[in-house]
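Colleague: Mind looking over this structure? Questions follow.
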Amino acid sequence: MQYRLLIIGGGASGLAAAVTAAQCGADGVALLERLPRPGKKILATGNGRCNLSHAGIVPGDYAGSFDVSQILANFGDAVAFFEGLGLLCRTDGEGRIYPYSMTAAAVLDALRMQLGGTSLLTDSQVTGLRPIPGGWRVETETASYTSARVIFAAGGHAAPKHGTDGSAWAMLDALGIPLVPPKPILCPLRSEAKLLRPLKGLRVRADVTLLDRGKAVRTESGEVQFTETALSGICLFNMAAHVDPSRIGDFSVRICVLPGHDPAAVLYALQATRAGQTAEDMLTGIIHRPLARHVLKTAQIRADLPCEQLGYHEMQRLGDVLSGMVFPVTGLAGFDQAQATAGGVRGVALDEHLQVRSCPGLYVTGEAVDVHGPCGGWQLHWCWASGAAAAHHALGI
Ligand SMILES: Cc1cc2nc3c(=O)[nH]c(=O)nc-3n(C[C@H](O)[C@H](O)[C@H](O)COP(=O)(O)OP(=O)(O)OC[C@H]3O[C@@H](n4cnc5c(N)ncnc54)[C@H](O)[C@@H]3O)c2cc1C
């Protein structure tokens, strides 16, 4: 079958491309999705609420080898894009943009309802992609299509249960397109189980700093979740992109559980108020008991020591630990726990419209491009913008 535009992958950027094509009244467009339905990952985003963009996005927020400035400027506002699809949005106090109904299904519905004449070919895993005179041949296990233009929107390696195991990148590799190797990002950071096990299940508000050979790389405030093997939470997710797995031993995380407080002042006040209690009981006024035990152990103080016996040096050590508990990073959680992929098609391989320079008529969008942003709507914003940009250029509209 001969098409004008074939889109490989029915995720965020592929659907944005298809909707853009429909809005422009293009015919001869089809979207190939390996799963029985498109947009499975969209339903899982933002804990089922879909944090579809952020009010404060600027190009400099994105890392990777492709300069996103022009694409983001042309796309403009994600709220306007979605309101154009009939989806009202709301922005929370921290600038995160959601559908007004706070349900990710509403986002997917809004996209699906505006596909117009685009043929939706599900259960269609693309296995081959090669240039032919005047366009491209796209093969699935059961069919073969030709198209003047192709948008590769098959995502990255993260969250394979949503259809993205990264296997589609082999088609780009086979075409000689340079790829930055994939790395899981927006994921928990693994640390030593013997340190974490006693803290499993705890959630604390903290200032978190990623250290590279002891030097601060990035600091964020937020909730830290302790699991049996990893440190999790949005602030940790944002650190993953800055960790180089090839020299993992250089990285550690420093956690301050008394942000905004002078630890000495807090400790001396507690010591005065809780005279007669143990050191562990003294600390339960500010942190969870398992964490208090960890802090005392790290500060080499007996948990059952009467707190009035804590002298200057003990109080100093306690203060230091409360404002800087250090956990070595032993790895990044795998792609199955990551929300996104760093890596993808190198920026130099793409023109400003996301067309592969060495493969005219082939475009790459979303996570398949070496572009990534922080947690909070940046990923999806890039997907909508890149999908729309590629569709406009591919269709010449
Ligand atoms: C749990 C979770 C929560 C998240 N929450 C947010 C959030 O709130 N805000 C945010 O900005 N980002 C969030 N993200 C990240 C965001 O969802 C992704 O970055 C984004 O969906 C990537 O879009 P994409 O178009 O590149 O690819 P995807 O959305 O991953 O879609 C790729 C599609 O291609 C299909 N496909 C793959 N290979 C083939 C093939 N060979 N043939 C045919 N089809 C194929 C896949 O089945 C999939 O449907 C979250 C991610 C996860 C996993």
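We did not get these values from a lab; they are worked out from the coordinates using the rules stated. Computed from a prediction, not measured in an experiment: that's the story for all the values here. As a convention, Cβ positions derive from the backbone with ideal geometry for all residues, glycine included, and neighbour counts pool all protein chains shown.
Colleague: Give or take rounding to whole Å, what are the principal axis extents of the alpha carbon atoms in the stretch 1-123, in descending order?
Modeller: 48, 32, 25 Å, listed from the longest principal axis down.
Colleague: Leaving out same-chain residues fewer than 8 places away, which lysines sit with a Cα under 20 Å from that of LYS161?
Modeller: Answer for LYS161, where 20 Å is the Cα cut-off: LYS40, LYS41, LYS183, listed by chain and number.
Colleague: Hull surface divided by four, with the convex hull built on the Cα atoms of the stretch 189-253: how many nm²?
Modeller: 4.0 nm²
Colleague: Continuing with this model, one more query. Ranked highest first by average number of other Cβ atoms within 10 Å, how do 137-144, 290-297, 7-14 line up?
Modeller: Peptide ranking by packing, descending: 7-14, 290-297, 137-144.
Colleague: At 0.36 nm per residue, and after removing the present C-alpha to C-alpha distance, how many nm does the segment from ASP244 to MET1 gain when stretched out fully?
Modeller: Value of the extension gain: 83.0 nm.
Colleague: Further question on the same structure: Net charge within 15 Å of PRO182 by Cβ-Cβ distance, Lys/Arg positive one each and Asp/Glu negative one each, not counting PRO182 itself?
Modeller: -4
Colleague: Just flag the GluC sites (Glu not before Pro) in the stretch 192-289 sitting in loop per DSSP whose Cβ has no more than 14 other Cβ atoms within 10 Å.
Modeller: The qualifying sites are GLU192, GLU228.
Colleague: Taking 8 Å as the Cα distance limit and 6 or more residues as the minimum spacing, I'd like the relative contact order of the stretch 43-169 as a percentage.
Modeller: Result for the stretch 43-169 is 18 percent.
Colleague: Which order do the peptides 378-391, 258-271, 104-117 take when ranked by the mean count of other beta-carbon atoms within 10 Å per residue, highest first?
Modeller: The peptides rank, most packed first, as 378-391, 104-117, 258-271.
Colleague: Moving to a separate point now. Hey, how many Å between the Cα centroid of the stretch 31-78 and the Cα centroid of the stretch 334-397?
Modeller: Between the Cα centre of the stretch 31-78 and that of the stretch 334-397, the gap is 9 Å.
Colleague: Net charge near GLY14: determine it from the other residues with C-beta under 14 Å of the C-beta of GLY14, scoring Lys and Arg +1 and Asp and Glu -1.
Modeller: Within the 14 Å Cβ shell, the charges total +4.
Colleague: Could I ask something else about it? What whole number of Å gives the distance from the Cα centroid of the stretch 134-208 to the Cα centroid of the stretch 79-105?
Modeller: Cα centroid of the stretch 79-105 versus Cα centroid of the stretch 134-208: 25 Å apart.
Colleague: Checking the cross-link filter: which aspartates and glutamates have an alpha carbon closer than 17 Å to that of LYS200, excluding same-chain neighbours under 8 positions apart?
Modeller: GLU192, GLU223, GLU228
Colleague: While we're here: Could you work out how far helix 378-395 tilts from the main Cα principal axis of the chain, as a 0 to 90 degree angle to the nearest 10?
Modeller: Its long axis makes an angle of about 10 degrees.
Colleague: Continuing with the same structure: What does the helix-only formula give at 222 nm for the chain: each DSSP H stretch with n ≥ 4 adding -39500 (n - 2.57), the total divided by the residues, and the result rounded to the nearest 500 deg cm²/dmol?
Modeller: Estimated from H runs of four or more residues: -7500 deg cm²/dmol.
Colleague: For the chain, calculate the relative contact order in percent as a whole number, restricting contacts to Cα pairs under 8 Å that are 6 or more residues apart.
Modeller: 25 percent
Colleague: Now for a different question. In the chain, what percentage of the DSSP-assigned beta bridges are antiparallel, given to the nearest 5?
Modeller: Around 75 percent of the beta bridges assigned by DSSP in the chain are antiparallel ones.
Colleague: Compute the whole-percent fraction of alpha carbon pairs in the stretch 263-325 spaced more than 13 Å apart.
Modeller: 53 percent
Colleague: Let me check I've understood the local charge: for MET171, count other residues with C-beta under 12 angstrom from its C-beta, Lys and Arg +1, Asp and Glu -1. What total comes out?
Modeller: Combined, the nearby Lys, Arg, Asp and Glu give 0.
Colleague: Still on this structure, please answer the following. Tilt of helix 104-113 relative to the longest C-alpha principal axis of the chain, in degrees (0 to 90, nearest 10)?
Modeller: In the chain, helix 104-113 runs at an angle near 10 degrees to the longest axis.
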